[in-house]
């Protein structure tokens, strides 16, 4: 449901069915709601069969990359010669995204069940759930749930451990996450080697997002065909997605809809639309690392992987940030650039220096000292920062900058020409 | 069994290299240097400076040459527009915080940031002068290394060297983003015996040697291939001289011996090469005093003394003297009852953990193995005793000598020690920075070193001195070059059979006979 | 210097009290069983230090290094990477306010100003004169739909506004 609000009739409630129900957090409460039956059956199923089912379902990674989950699982060695690992990415730090948090604090057992099923499918005997350090409430819920589930011995031989992050967005990148678990700086790794070949501690590893794994028990219970059927448009995007809507809407929150749902309806209907007297100016549909959509693009966008690409952006994590006409786009783009500059791990030259320089130029523009040449410089810098680094944090900084300058050029020009009063001090 | 070979082209030039070769290495074979910073063949690949981006046909994005393996039929374009633009971008970004320190920076003239910027960087920065550059104060990391954070380009070569080659992670990357710098902890300074290599590895003037600080400009230096004399490992080095003074020792790469590194003991051990208190003329005894004279008289005097003396001869030699000299010194006493001995100062061994077979060796002399192969023994005290009753005693560059001798004492050396003041003749020789020659390291590798500066006064290479003495005694013709001296040695001694200076080159070769450790 | 070494007599330095003793050591030993390497227990170990001492000093880092078989420099490199580890003492209550764009457009900066005022901390990162509060701006806290989220120590408080700040602060007085 669109917690903290009641489920909207247009939602397709699967993952969020029990959000807000305090009883759902306990082992007993979860079992009462049908929990752990899928796991029991899965543990008695051949791993290869599980992988096939998930492949059939068309489930794609819900963390942001959208990689087909069954295919990812199939990259693990069929024949087990060394220990395998599963890492659960609960580092949710993409601005605009707050769905994994809800899954963990309301339905921790859903995640545990999905984790155990996935571990069995990829023949991993150990799974680490990497939870960002700031998620104190989800951590507590997961810890309690894990203790109860362990006591009930539902996981078979699979060991699940929680691992606490300590304040680094970049640890949400799968190879950086592995480095962080290993007790290192959260630096992304160059690929190859790929995690399925040499990942955590150098051994075959799969990394999956929380929302992805929470969907797995439902797929096993209701079948791949059912999951595939939950799609309004593209056959390549199946199932439901929790969209975290925030910013300038009346009712921000998580909303669960089938793939292909119109973004327009999500914003204007389910979220109650704009604040009184306000109109939509811009929307970032997939967490801050994807290009900004203007109003026309937002109102004609379908929410699945292909549909958003058609509008020039990406589905990403599904963190929908809505900006109304009161927004200073230049300031917000600067604030996003500053976010990336804070979070850069410092390995790649383009990211380390480029995110900081981008921020400085935007600050100067906001201080009334920018020039038109600065806009060309920003675009050139962004080009330099795209497609040339170990991970895509650098590209993520460039995305709002490029799309922002393209679609909201007049706001930049207003600062540069002195038509708008500076809002920062040089 | 040969490695499977792969064919590809680099900028149109075809090359064939073993499977698994990195594109950046394959490019070297095509004569192409792909600009780079963080990559180094002696360190694990990091792939983070992003400088070596190249275009590879059919790859959707630019690839880093340092982490891409060759593939059959691959076509690499290092000069493609996109690749050059990417590299220009990296250079611009490296320079936004890098201070314009060239006029006061030691690295100028041998700086890879200067080189690649000049080659393909922008001629002016677009970074507004309104922005302050990142600033951190200079830090003293330990015995010889200074860290200038403002110049650091975060290539992490130093961190990787200490972690993966020295296996003592005392350097880290601290902080994140553009606040990052190379850090160290109060408990754990950079005093590892091999730590000085981080200064060589640093592509810019960020890690500096205190010993070399502001001593000379890179373009004033002459560089000469040589062999380190610090111990018996035989690391290949380059002697950097300025106005005929050795000012710096740096490693020369040799994959069979020291790979790319030298230890701090060898690195700092060069001041003796510049000593001024040298014997500058041959000295002969007249009455109670030694008088300077010319080579003709000195050689003639030695010949007379040797012919008139008994047959018992003892040679006490330094293990720091060239193989050629040791050989010809032995030849001098052909027909005599001869004992030759050397002693070696011992010290603590200090391995470089990440390179098996490489260490600062306990034997602190470069040619102990050479001396052994030529028949010199280690029974030094016995030889000293024998010297007391010998007819002729030859002491070769042993400044701590305290020999009592009833017979003829001939001292051949670089400096004149107290114990040599009773000598009948004193002959001045060049030190190893002032001559060509060879050493044999502990693993039996014969390696050449070259003359880096002129010998003082009338001092001559030791091989020349002994060849002249030998000729005066009828043991053969004089020798004109070190190569000829070595050739004569190679004809006579089994371990060196078939060798010659040309074949040895500057990588060296293993001695022929089986060598014990 | 190894853990437990005595400082020279008359040095005037306080003897270092190890963190990993008794219960804390027990907890670390349990954590070590979860990973195949000692190094992997580094982040959990650092959390234990911060829990016990409120921050992580250079000396603490050396202790952690010794316990896990790492070097102090290595541990320091890790500590300085992760922003949640404090490298110097902070106020009794550590307040983290998200000001990244989604919260920013919902008034996060006003919440920050209100907090700086109400706690007496006045400046970001500074500790209030009574030593009770330190307020910092942080990046996205993953609760964007509940703007503005504020972390006070381990308490995650949603939907804070400048109006509700005084009440929030008084809860901790």
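A few remarks follow.
- When chain A is treated as a Gaussian network with alpha carbon springs shorter than 10 Å, the biggest mean-square fluctuation among A:164, A:37, A:62 belongs to A:37.
- Translational diffusion of the stretch A:240-324, µm² s⁻¹ [Kirkwood Rh, Cα pairs; Stokes-Einstein; 25 °C; 0.890 mPa s]: 203 µm²/s
- Taking all pairs of distinct alpha-carbon atoms in chain B, Kirkwood radius in angstrom: 25.7 Å
- Intensity falloff of the stretch A:22-224 expressed as log10 I(q)/I(0), Debye formula with alpha-carbon point scatterers, at q = 0.12, 0.15, 0.16 Å⁻¹: -0.53, -0.86, -1.00
- Quotient of C-alpha Rg and 2.2 N^0.38 Å, computed over chain C: 1.21
- The alpha carbon centroids of the stretch A:213-248 and the stretch A:118-196 are separated by 23 Å.
- Spherically averaged projected area of the stretch A:329-416 from its Cα convex hull (nm²): 4.7 nm²
- Other protein chain Cβ atoms within 10 Å, averaged over every residue that makes up B:483-491: 0
- Pairwise label distance in nanometres, residue B:292 with residue A:10, each label 7 Å out on the Cα-Cβ vector: 10.5 nm
- Based on the convex hull around the alpha carbon atoms, the stretch B:1-51 presents an average projected area of 4.1 nm².
- Residue by residue along C:143-155, Cβ atoms of other protein chains within 10 Å of the local Cβ number 6 on average.
- For chain A, share of DSSP beta bridges that run antiparallel, in % to the nearest 5: 40 percent
- Neighbour-count ranking [beta-carbon atoms within 10 angstrom, fewest first] of A:169, A:340, C:85: C:85, A:169, A:340
- Coarse-grained scattering of the protein assembly as shown at q = 0.04, 0.05, 0.08 Å⁻¹, given as base-10 log I(q)/I(0) from a Debye sum over alpha-carbon atoms: -0.29, -0.44, -0.91
- For the stretch B:401-473 versus the stretch A:1-64, the inter-centroid distance based on Cα atoms is 87 Å.
- Here, the stretch A:181-264 has an Rg and a Dmax of 17.6, 48 Å when only alpha carbons are counted.
- Most fluctuating residue given options C:91, C:107, C:77, as computed from a GNM of chain C linking Cα atoms under 10 Å: C:77
- Segment residue B:131..residue B:475, full-extension length gain: 116.1 nm, with 0.36 nm per residue of separation and the alpha-carbon distance subtracted.
- The label point for residue B:33 and the one for residue B:186, both projected 7 Å from the Cα toward the Cβ, are 4.3 nm apart.
- Residues B:458, A:259, A:314, ranked from the fewest to the most other C-beta atoms within 10 Å, line up as B:458, A:314, A:259.
- The protein assembly as shown, helix-only ellipticity at 222 nm - DSSP H runs n ≥ 4, -39,500 (n - 2.57), divided by all residues, nearest 500: -9000 deg cm²/dmol
- Order of A:79, C:158 - criterion: other Cβ atoms within 10 Å of each residue's Cβ, fewest first: A:79, C:158
- Average projection area in nm² (convex hull over Cα atoms of the stretch C:93-170, one quarter of hull surface): 4.3 nm²
- Label-zone membership for the stretch B:339-378, site residue B:415, 7 angstrom Cα→C-beta point, backbone N under 17 Å: B:345, B:365
- Our estimate of slack between residue B:85 and residue B:382, defined as 0.36 nm per intervening residue step minus the Cα-Cα distance, is 99.7 nm.
- Shielding score for A:177-184, defined as the mean number of other chain Cβ atoms within 10 Å: 5
- Calculated FRET efficiency for the pair residue B:140/residue C:92, C-beta based, R₀ 35 Å, to 0.05: 0.40
- At 1.002 mPa s and 20 °C, Stokes diffusion of the stretch B:138-291 via Kirkwood alpha-carbon radius, µm² per second: 123 µm²/s
- Computed P(r) (all Cα pairs; the stretch B:283-510; 5 Å bins; percent): 1, 7, 14, 19, 21, 17, 11, 6, 3, 1, 0, 0
- Label positions at residue A:414 and residue A:137, each projected 7 Å from the Cα along the C-beta direction, are separated by 3.6 nm.
- Percent breakdown of C-alpha pair distances by 10 Å bin, ordered from the shortest bin, for the stretch A:291-358: 18, 36, 36, 10
- Once the chain from residue A:159 to residue A:233 is taken as fully extended at 0.36 nm per residue, the excess over their C-alpha distance is 22.7 nm.
- Rounded to the nearest 10 degrees, the inclination of helix B:462-472 to the longest alpha-carbon principal axis of chain B is 30 degrees.
- R0 of 51 Å, Cβ-Cβ distance residue A:32-residue B:271: FRET efficiency to nearest 0.05: 0.05
- Sequence-separation-based contact order of the stretch C:3-79, relative, with Cα cut under 8 Å and 6+ spacing, percent: 24 percent
- Value in Å of the Kirkwood radius, where chain A supplies the Cα pairs that are averaged: 22.1 Å
- Comparing Cα centroids, the stretch B:144-206 and the stretch A:345-367 end up 25 angstrom apart.
- The calculated FRET efficiency for the pair residue A:144 and residue B:179, based on their C-beta separation and a Förster distance of 30 Å, comes to about 0.20.
- When the alpha-carbon atoms of the stretch A:1-113 are used, the pair Rg, Dmax equals 16.0, 49 angstrom.
- Per residue, the Cα convex hull of the stretch C:3-79 amounts to 92 Å³.
- Packing, taken as the mean count of other beta carbons within 10 Å per residue, orders the peptides B:310-321, B:13-24 from highest to lowest as B:310-321, B:13-24.
Only the coordinates and a few stated rules stand behind these numbers; no lab work does. Note that the structure is predicted; figures quoted are calculated from it, not measured. Note that each Cβ is placed from the backbone with ideal geometry, even for glycine, and that neighbours are counted across all protein chains shown.
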